[in-house]
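Written out below as structure tokens is the structure these notes cover.
The values are calculated or read from the model by the stated rules, or taken from the named source; none is laboratory data. Because the structure is predicted, anything quoted here is derived from the model rather than measured. In this analysis, Cβ positions are derived from the backbone assuming ideal geometry, glycine residues included, and neighbour counts consider all displayed protein chains.
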Amino acid sequence: MSATPATDELLFTTDEAGIARIVLNRPQARNALTFAMYQGLITCCEAIAGNPAIKALIITGAGEKAFAAGTDIAQFRSFSTAEDALGYERFMDKVLGSLERLRVPTIAAIAGACTGGGAAIAAACDLRIATRDARFGFPIARTLGNCLSQGNLKRLSGLIGPARVKDIIFTARLVGSEEALAIGLVGEVVADCAALTERVDTLAQLLANHAPLTMQATKEGLRRLAEEEAVAEGAPHPGDDLILMCYMSQDFREGMEAFLGKRPPNWTGR
């Protein structure tokens, strides 16, 4: 087994069969992602793109409590300008785009909490398999008061439809594994973490033995069908006004401080 770009919080390995594995490794924080971990995902995708021996990728979280509980909220404390908010969403588009553009099939192996940025990563993967105790959602309407980018809304609505996206975000509820299976958010549910490891390893081996160009062409063709017209460099992106409305609001600051202070937020709509 060989290792390539990684940190203590983002483990990346490949094996002799051409299966790459990324482990989000902050179990003490339910694998909440730092900006450095997001950048590490981009670096790992670049390593995969440059290594023709890699045939499939598995992404999972360390431990049994979470795939990833979103972005580490403390990362937002330094946000003060429009550039901070828009830059973050552009960065996230780059992270998720790196996963979607990989030529190899990607599998999200999901146990426990899969929320916020973690759920966005899972949605950007090609296949999702979850344990029975997995929970999915974007509870931002009761926590931070921010919003999803147009790209994330499109990705989610493509999976489960706009009505269900509204339901999940408006209610801020977490979707259980059986409901996730029923609505197409995941493709399969297994009993526990041991069964999850066995199943995703078997699936990755299966994919590694299939025609790589067929899978690459299918992935890229579907991505092109879903992609909006490219935005010229420096031009406003669709939804920038919505991002700024949320991230520059008093409510976002209140939601962040309330979350970190473990108290209910006092929303004002400003």
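General observations
- Taking the conditions (1) in contact with a helix residue (DSSP H, G or I) (Cβ under 8 Å, 6 or more places away or on another chain); (2) at positive phi in turn, R173 satisfies each one other than (2).
- Residue match in the stretch 137-155 (condition: within 26 Å of L207 (Cβ to Cβ) and surrounded by 24 or more Cβ atoms within 10 Å (Cβ to Cβ)): no
- Segments classed as helices (runs of 4 or more DSSP H), wholly inside the stretch 148-237, with at least 1 members that are farther than 27 Å from A69 by Cβ: 193-208, 212-226
- Test set (1) under 30 Å from R90 (Cβ atoms); (2) crowded, with 17+ Cβ neighbours inside 10 Å; (3) more than 18 Å from the chain's Cα centre (by Cα) - K219 fails condition number: (3)
- Search result, residues across the stretch 22-65 that are in contact with a Cys (Cβ under 7 Å, 6 or more places away or on another chain) and crowded, with 21+ Cβ neighbours inside 10 Å: I22, I59
- Here A113 meets the list (1) over 22 Å from A217 (Cα atoms); (2) touching a helix residue (DSSP H, G or I) at 6+ places or on another chain (Cβ under 6 Å); (3) at pLDDT 95 or above; (4) crowded, with 24+ Cβ neighbours inside 10 Å almost entirely, failing just condition (2).
- Test set (1) of a type outside the set (A, V, I, L, M); (2) touching an Asp or Glu at 6+ places or on another chain (Cβ under 9 Å); (3) surrounded by 17 or more Cβ atoms within 10 Å (Cβ to Cβ) - R164 fails condition number: (2)
- Among (1) in contact with a helix residue (DSSP H, G or I) (Cβ under 6 Å, 6 or more places away or on another chain); (2) surrounded by fewer than 20 Cβ atoms within 10 Å (Cβ to Cβ); (3) touching a residue at least 40 places away in the same chain (Cβ under 8 Å); (4) hydroxyl-bearing (S, T, Y) - the single one T197 does not satisfy: (1)
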